[in-house]
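Inspection log for the structure reproduced underneath, given as structure tokens.
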Amino acid sequence: MIQIRGISAKSILDTRKEKTIEVTIDTTSGKFIASAPNGKSRGKYETPSYKKSLNDDIQTLNKLKLKSISLSKFDDLTKIEKILKNKIGANSVIALEYAALKALAKNKNCEVWQLINPRAKNLPMSVGNSIEGGRHTNNIGPSFQEFHFIPHATSFQEAVLINKTARQDCLQILKNLDKKFKKQLSDENAWVTTLDEEKVMNLLLDVKDNMVDEFVTKVHCGIDLAASEFFNGKKYFYKNMKKSLNKEQQILFICEIADKFFYIEDPLEENDFQGFADIVKNSQSLIVGDDLTVTNLQRIKKAVKMNAIRGVIIKPNQCGSLIEVKQIVDFCKKNKIRTIFSHRSGETKENTLADLAFGFQADFIKTGVEGVGRDEKLDRLIEIEKSLWKI
């Protein structure tokens, strides 16, 4: 058991050089530090990152007295959440809870993931974002936000290497196809291109074929449209393709893509549960909710009831509650919904997300392919994997 003796908070810079929160807790097991990331493409229904502002949350935490709280297990985080409810935002709660889990793991001489599930054994599949568009590139290129590779690999470490190879293959093809290509990197350290959606999707399929021919390696292709970002209330506007689609046309377009793409995230705007359901009904792809579901149990329950998703993105700082994250995972497993733990575009070196993904036995993890804020999560999962080999 640990007892919290004090809390302090300050702002640090994320990978986009924007301010985010770092929290330090002083416990009977020592001092522990954790931070939370920032999202750029945010769902309308996310819990606000801060109550009023980052500075206001920092001041609240620095004045907060939690000396009466003792923790002995993961579920004891409810004690923190009850006290902090309506006092600070989602980012601040998550940073504090991450730090608390580190302290508790130290006290119990175990890993953070073991606090969740000491019998965990399956590593998540790696979803690697290799080319980016949308808001993460200031709308320079395609309206779709992310273009992924998802390797079939014998180990997580191998999957990381496969994604790096695929990302490098993308670079070589972009040099030839995109006359305006400048080796520019996006918020998530993926390549920025001026090519339109269809050309980038064809590029991904070419790389997929190359991986099989050259390395005898099978990879799936995926896309995250973040469709709310280019929906104007009536139509989906594709700037580079110079066309706009109404709801029915967008659904038809997505169903055609689904023949070749295994993973499709947020294909429609964030209120269109029925449209999502129509796509699920007419495709076999893993249709994933993010802006639609925003790591919110009630919205996920609605999506499942309407058969609107086959998978759900889990971003702890979307809801600001690791207790709710646990409830979401339990509900998804019961209803055979795939879970994808995900980073944010503005990341930090914090690696607790990796422990959560493994502890909760997520099906996938989105971390990007490489770079500061990405490597820490990938390296942590490789470390976990190696530790399992020794058992």
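The values are calculated or read from the model by the stated rules, or taken from the named source; none is laboratory data. Model, not experiment: these values are computed from the prediction. Glycine gets a Cβ as well: all are built from the backbone with ideal geometry, and neighbour counts include every protein chain shown.
Yes/no matrix, rows are residues, columns are (1) within 30 Å of residue 183 (Cα to Cα); (2) modelled with pLDDT of 95 or more; (3) buried (at least 18 other Cβ atoms within 10 Å of the Cβ); (4) of a type in the set (A, V, I, L, M, F, W, C):
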residue: 68; (1), (2), (3), (4): no, no, no, no
residue: 84; (1), (2), (3), (4): no, no, yes, yes
residue: 118; (1), (2), (3), (4): no, yes, no, no
residue: 163; (1), (2), (3), (4): yes, yes, yes, no
#### Entry: All positions within the stretch 61-104 that are hydrophobic (A, V, I, L, M, F, W, C), more than 11 Å from residue 25 (Cα to Cα), out of contact with any Asp or Glu (no Cβ under 6 Å at 6 or more places or on another chain) and part of a helix (DSSP H, G or I)
74, 80, 83, 84, 90, 93, 94, 104
## Note on the structure
The residue from 237, 230 that alone is touching a Ser or Thr at 6+ places or on another chain (Cβ under 9 Å), more than 30 Å from residue 13 (Cβ to Cβ) and touching a residue at least 40 places away in the same chain (Cβ under 8 Å) is 237
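Conditions tested, residue by residue: (1) in contact with a Phe, Trp or Tyr (Cβ under 7 Å, 6 or more places away or on another chain); (2) assigned by TED's automatic domain parsing to the domain that holds residue 358; (3) within 24 Å of residue 80 (Cα to Cα).
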residue	(1), (2), (3)
265	no, yes, no
279	no, yes, no
283	no, yes, no
286	yes, yes, no
290	no, yes, no
293	no, yes, no
309	yes, yes, no
314	yes, yes, yes
319	no, yes, yes
### Message
If I ask for residues that are crowded, with 21+ Cβ neighbours inside 10 Å and either closer than 14 Å to residue 310 by Cα or of a type outside the set (Asp, Glu) (or both), which ones from the stretch 262-272 would you list?
### Response
263, 264, 265, 266, 267, 268
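Table: residues versus (1) outside any loop (DSSP other than H, G, I, E, B); (2) crowded, with 23+ Cβ neighbours inside 10 Å.
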| site | (1), (2) |
| --- | --- |
| 136 | yes, yes |
| 167 | yes, no |
| 189 | no, no |
| 194 | no, no |
### Query
Could you say whether any residue in the stretch 357-367 is surrounded by 18 or more Cβ atoms within 10 Å (Cβ to Cβ) and free of Cβ contacts under 8 Å to residues at least 60 places away in the same chain?
no
### Message
Condition (residue is closer than 30 Å to residue 296 by Cβ, among the acidic types (Asp, Glu) and without any contact (Cβ under 8 Å) to a residue 60 or more places away in the chain) applied to the stretch 246-255: is it met by at least one residue?
### Response
yes
### Query
Can you tell me how many residues in the stretch 331-389 are in contact with a Phe, Trp or Tyr (Cβ under 9 Å, 6 or more places away or on another chain) and polar (S, T, N, Q)?
4
### Task
Taking the residues in the stretch 18-46 that are assigned to a loop (DSSP other than H, G, I, E, B), within 21 Å of the chain's Cα centre (by Cα) and at pLDDT below 95 as candidates, determine which candidate is surrounded by the most Cβ atoms within 10 Å (Cβ to Cβ).
43
### Query
Given the conditions (1) farther than 30 Å from residue 256 by Cβ; (2) in a helix (DSSP H, G or I), and given that residue 299 satisfies all but one, which numbered condition is not satisfied?
(1)
### Message
Quick check on residue 104: is it outside the structural domain of residue 321 (by TED's automatic domain parsing), out of contact with any strand residue (DSSP E or B) (no Cβ under 9 Å at 6 or more places or on another chain) and among the hydrophobic types (A, V, I, L, M, F, W, C)?
### Response
no
#### Entry: Residues within the stretch 42-75 that are within 30 Å of residue 272 (Cα to Cα), among the polar types (S, T, N, Q) and touching a Ser or Thr at 6+ places or on another chain (Cβ under 7 Å), tallied
0
### Task
Answer yes or no: is there a residue in the stretch 91-110 that is under 30 Å from residue 145 (Cβ atoms), buried (at least 17 other Cβ atoms within 10 Å of the Cβ) and in contact with a Cys (Cβ under 6 Å, 6 or more places away or on another chain).
no
### Query
Do you know which residues across the stretch 273-295 are among the polar types (S, T, N, Q) and either buried (at least 22 other Cβ atoms within 10 Å of the Cβ) or free of Cβ contacts under 8 Å to residues at least 12 places away in the same chain (or both)?
285, 293, 295
## Note on the structure
Of the listed residues (303, 354, 362), the one being assigned by TED's automatic domain parsing to the domain that holds residue 230, touching a Lys or Arg at 6+ places or on another chain (Cβ under 6 Å) and of a type in the set (Gly, Ala, Ser) is 354
## Note on the structure
Turns out the helices (runs of 4 or more DSSP H) fully within the stretch 311-391 with at least 2 residues that are modelled with pLDDT of 95 or more and more than 25 Å from residue 163 (Cα to Cα) are 316-319, 322-334
